[in-house]
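First the structure, in the form of structure tokens, and then the observations on it.
The values are calculated or read from the model by the stated rules, or taken from the named source; none is laboratory data. No experiment lies behind these values; they were computed from the predicted model shown. Here the Cβ positions follow ideal geometry from the backbone for every residue, glycine too, while neighbour counts run over all protein chains shown.
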Amino acid sequence: MRRLELQSVNMHFGPLHVTRDVTFSVDSGERVALIGPNGAGKTTLVNIMAGSLRHSTGQMLYEGRDVAALSTPQRARLGLVRTFQISRLFMGLTVEENVRVAALHRHQGRKAARDVIDAEVHAGLAKLKVAHLAGKVVDSLSLGERRLVELSLALTMEPRLLLLDEPAAGIPHGESRHVLQAVNDLPSDLAVMLIEHDMDLVFSWARRIIVLSGGAVIKDGSPETIAQDEHVQRIYFGRGDT
Ligand SMILES: Nc1ncnc2c1ncn2[C@@H]1O[C@H](COP(=O)(O)OP(=O)(O)OP(=O)(O)O)[C@@H](O)[C@H]1O
Ligand SMILES: [Mg+2]
């Protein structure tokens, strides 16, 4: 099933043309990496897909429905969920309370019994193996633990398409392994789009890679195709003849 479809999406910030005619689609269960140099427009694209930014022109369909007018929370409730390059947890609250916020958010507008919410919170904590941190205030966690809690929050939203913007960024290597392992272990029916600069990880994890450069998609294909593409090597890896 087609989860998301972007048709000629453009984004202008004043005179800056940051997203250029971006067209692609993501199907259920796909593992897609979105790569490109710093400033290529990856985060901007995630912002557009998740609803933090409204694109200037073009069309965006989520499960066949035009979601351009929907807010980020509305999209999240439909299963289009993102995490941030920079941590966005509620400081001062415990891990369990943070996950509870996500569970309550998902039920907003409907009445959910307390034990239903409790079950979802515990499932969310268990999925990312962070149940032992439940009572800790998030401020006291390591960066890697915070990331796992953020993923736990995201999964509590019951996503069908999860957008991960550099989940291992800024995390010490020893801990980033756990985060990347968690990304590897995400349910197989969940479509995931991952932004990541570590090419070893990208090429081992992704089944498909979309390369952005200067705001435009310059290549979209299997890791094998991408690795061999001269244009990609020149623009992204800084290699090649010109
Ligand atoms: N709100 C904004 N106003 C003006 N320009 C912006 C805005 N947000 C992003 N840009 C510009 O858009 C371009 C793309 O930025 P973006 O953050 O999407 O890149 P990125 O691919 O995520 O980079 P990185 O790998 O460093 O995270 C950059 O030139 C950036 O300066
Ligand atoms: Mg970015």
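Which one is farthest from residue 178 (Cα to Cα), of the residues in the stretch 124-158 that are without any contact (Cβ under 8 Å) to a residue 12 or more places away in the chain and out of contact with any helix residue (DSSP H, G or I) (no Cβ under 7 Å at 6 or more places or on another chain)?
That would be 140.
What's the total number of residues in the stretch 167-194 that are closer than 27 Å to residue 1 by Cβ and within 16 Å of ligand 2 (Cβ to nearest atom)?
Residues flagged as closer than 27 Å to residue 1 by Cβ and within 16 Å of ligand 2 (Cβ to nearest atom) within the stretch 167-194 amount to 3.
Tell me, please, whether a residue that is within 16 Å of ligand 2 (Cβ to nearest atom) and polar (S, T, N, Q) can be found in the stretch 94-115.
no
Residue by residue, here is whether (1) more than 19 Å from residue 225 (Cβ to Cβ); (2) in a helix (DSSP H, G or I); (3) modelled with pLDDT of 95 or more holds:
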{"residue": "26", "(1), (2), (3)": "no, no, yes"}
{"residue": "38", "(1), (2), (3)": "yes, no, no"}
{"residue": "45", "(1), (2), (3)": "yes, yes, yes"}
{"residue": "49", "(1), (2), (3)": "yes, yes, yes"}
{"residue": "55", "(1), (2), (3)": "yes, no, yes"}
{"residue": "60", "(1), (2), (3)": "yes, no, yes"}
{"residue": "70", "(1), (2), (3)": "yes, no, yes"}
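Does the stretch 45-85 hold any residues that are under 17 Å from residue 150 (Cα atoms), touching a residue at least 24 places away in the same chain (Cβ under 8 Å) and more than 12 Å from ligand 1 (Cβ to nearest atom), and which are they?
Within the stretch 45-85, 50, 73, 76, 77, 79, 80, 81, 82, 83 meet the criteria.
Please find, among 14, 39, the residue that is exposed (fewer than 14 other Cβ atoms within 10 Å of the Cβ), closer than 18 Å to residue 194 by Cα and within 13 Å of ligand 1 (Cβ to nearest atom).
None of the other options fit; the residue is 39.
For the stretch 123-153, which residues satisfy the criterion of being touching a Gly at 6+ places or on another chain (Cβ under 9 Å), surrounded by 22 or more Cβ atoms within 10 Å (Cβ to Cβ) and of a type in the set (Gly, Ala, Ser)?
Correct list: 152 only.
Just need a number here: residues in the stretch 104-118 that are modelled with pLDDT of 90 or more and either surrounded by 13 or more Cβ atoms within 10 Å (Cβ to Cβ) or assigned to a loop (DSSP other than H, G, I, E, B) (or both).
Total meeting the criteria: 2.
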